[in-house]
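Below is one structure, written out as structure tokens, with a few remarks after it.
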Amino acid sequence: MVLTTKIYAIAMIVISMVVALAVYYLMTDLPKKEKKKQIDELTSQIVNFVIYIWIAKILLNLSLFITDPMAVLAYPSSAEAFYLAALFSVITLAIQSYRKKLQVIPLIMTFIPVFLISTFLFEFMQFTVMDESYAISQIVLSGLLLIVFYWIQGKVSIDLLILIMLVGWSAGMMGLTFMHPFVTVFDYLMKPWFIGTFFVGMFALILLHRRKRDN
């Protein structure tokens, strides 16, 4: 039953991501070539993240993987694997940015609407298909952040827009942890310490970019 639920969740993640990328492509005002470039870069980072989840799952169950690899590979990833994959991704982004192989801010500006749209769609499917009542809070949060994002985009600086989204999502998620027994993102458990760490990590990444730009 748990495995079946995870399979449904994976299918809904894929659907929501594909739709979110399509919506972003249609809604953004960037030139066609630039849109394709940003989507390709984001897709590449998403693929990296998925690979990191698999690596993290193996590392967290290394002894079992050595004796019975399929027992690890066939079982759904844990929240801890998600956290470790997020750490790997942040490190990768920082290194790529430092080596000037990646423009972090354009990537984040692509990631924000895609993430919010896909989260909204995923939680909506969780609410309607899987009958998950807790999903309504995530639907409201992602929906409000989407409205704010598109409303203030172009009216404030990009740095401020990203900061508002980061603070809004982190504060919203932290608030939901006090309202509900558990809070998830794409069916992965979000613990308060991870939300706080994510905020600090992303904030540091933004500061690193600004420092490089000012220099």
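The values are calculated or read from the model by the stated rules, or taken from the named source; none is laboratory data. Source: prediction; values computed, not measured. For neighbour counting, all protein chains shown are included, and Cβ atoms are generated from backbone atoms with ideal geometry for every residue, glycine included.
Assorted remarks:
- Applying the condition of being outside any helix (DSSP H, G or I) and either within 13 Å of the chain's Cα centre (by Cα) or polar (S, T, N, Q) (or both) to segment 67-84 and asking which residue is surrounded by the most Cβ atoms within 10 Å (Cβ to Cβ) yields S77.
- Flag for L87 being under 14 Å from the mean Cα position of the chain (by Cα) and surrounded by fewer than 17 Cβ atoms within 10 Å (Cβ to Cβ): yes
- Qualifying residue in segment 173-180 (condition: within 19 Å of I46 (Cα to Cα) and not acidic (D, E)): no
- Number of residues in segment 19-45 that are more than 20 Å from T184 (Cβ to Cβ) and either of a type in the set (A, V, I, L, M, F, W, C) or surrounded by 15 or more Cβ atoms within 10 Å (Cβ to Cβ) (or both): the value is 16.
- Among the residues here, G168 qualifies as among the small types (G, A, S), in a helix (DSSP H, G or I), surrounded by 15 or more Cβ atoms within 10 Å (Cβ to Cβ) and on the phi < 0 side of the Ramachandran plot.
- Residue match in segment 55-66 (condition: touching a residue at least 12 places away in the same chain (Cβ under 8 Å), among the charged types (D, E, K, R) and in a helix (DSSP H, G or I)): yes
- Boolean, V156 is loosely packed, with under 13 Cβ neighbours inside 10 Å and among the β-branched types (V, I, T): yes
- Summed over segment 152-183, residues that are more than 15 Å from I117 (Cβ to Cβ) and either in contact with a Lys or Arg (Cβ under 6 Å, 6 or more places away or on another chain) or of a type in the set (A, V, I, L, M, F, W, C) (or both) total 18.
- Of L93, L144, all but one fail to be assigned to a helix (DSSP H, G or I), more than 22 Å from I7 (Cα to Cα), of a type outside the set (S, T, N, Q) and at pLDDT below 85; the exception is L93.
- Just one of the listed residues (L102, L62, L93) is surrounded by 17 or more Cβ atoms within 10 Å (Cβ to Cβ), more than 27 Å from V183 (Cβ to Cβ) and more than 13 Å from the chain's Cα centre (by Cα), namely L102.
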